[in-house]
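Engineer: To start, I am sharing the structure in question, which I have written as structure tokens.
The values are calculated or read from the model by the stated rules, or taken from the named source; none is laboratory data. On a predicted model such as this, the values are computed, not experimentally measured, just so you know. Because the Cβ atoms are built from the backbone with ideal geometry, glycine has one as well, and the counts that use them run over all protein chains shown. In case anyone asks, the SASA skips ligands and DNA or RNA and just uses the protein heavy atoms, side chains included. Shrake-Rupley method; radii C 1.70, N 1.55, O 1.52, S 1.80 Å.
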Amino acid sequence: MNTRSLFQFLIVVFLFGALNLEAQTQGQSEVIQDWSKMHDSHPDLDIYSSLVQCDGKLTFLLKIKNNSTIAKQARFRLDVFNNSTGQKISTQISSLIESLVEIQAICGESDHSNLQIELPEGFDPKSLYSAITF
């Protein structure tokens with residue numbers, strides 16, 4: 001094997017190793033509740049929620065779709081209630097969404113991290129209720 005072939009082989013091995021490492025470090029998730037449309041959605045915005053175990057932590061994900069032909073500012077308060085314990089968390093959501101575009105949080109990714117809400121320990125996924133207020 002000449003030097004050039006050895007160099008090409010090492011580059012290929014390095015690339016496969018890097019891809020494998022990236023795949024291992026991306027967030028592992030288990031869907032508890034698949035995407036469902038939230039009842040209080042805005043006329044121009046469809047808002048969906050999903051509940052997942054993201055790297056072992058109960059996480060509330062949001063997806064927002066702008067149905068308008070102009071950009072819209074999605075600005076609302078999200079409340080998540082734990083009916084079994086009476087706990088509640090609230091967070092303000094604000095995102096500019098281009099026309100006819102959908103944005104969503106993905107477990108373990110930083111894009112749209114404001115749409116990814118980690119719930120405190122003790123929240124029971126079977127007794128959660130969520131609401132949005134514009």
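Engineer: Of all accessible surface on segment 68-134 at a 1.4 Å probe, what whole percent is carbon and sulfur?
Structural biologist: So the carbon and sulfur contribution to the accessible surface is 46 percent.
Engineer: Separate question: May I ask for the net charge around residue 54, where only other residues with Cβ less than 11 Å from the Cβ of residue 54 are counted and Lys, Arg are +1 while Asp, Glu are -1?
Structural biologist: With Lys, Arg at +1 and Asp, Glu at -1, the neighbours total -3.
Engineer: Let me ask something else. In whole Hz and in residue order, list the ³J(HN,Hα) couplings for segment 110-122 that follow from phi through the Karplus curve 6.51 cos²θ - 1.76 cosθ + 1.60, θ = phi - 60°; x for Gly and Pro.
Structural biologist: Karplus-based 3J(HN,Hα) across segment 110-122 equals 8, 4, 6, 5, 5, 9, 10, 10, 7, 8, x, 4, x Hz.
Engineer: Which order do you get for 48, 129 if you rank them by accessible area with a 1.4 Å probe, largest at the top?
Structural biologist: Greatest to least solvent exposure: 129, 48.
Engineer: Over all alpha-carbon pairs of segment 28-96, lay out the pair-distance distribution in 10 Å bins, whole %, shortest bin first.
Structural biologist: Calculated P(r), rounded to whole percents: 17, 45, 31, 7, 0.
Engineer: Write down the accessible area per residue of segment 56-134 in Å², having rolled a 1.4 Å probe over the full set of protein chains.
Structural biologist: 56
Engineer: Could I ask something else about it? Taking a cut-off of 28 Å between Cα atoms, list the lysines near residue 57, but don't count ones fewer than 8 places away on the same chain.
Structural biologist: Straight-distance partners of residue 57: 37, 65, 88, 126.
Engineer: Output wanted: per-residue J couplings in Hz (rounded whole) for segment 78-84, from phi through Karplus 6.51 cos²θ - 1.76 cosθ + 1.60, θ = phi - 60°, x for Gly and Pro.
Structural biologist: Listing the rounded values in order: 9, 10, 10, 10, 9, 4, 6 Hz.
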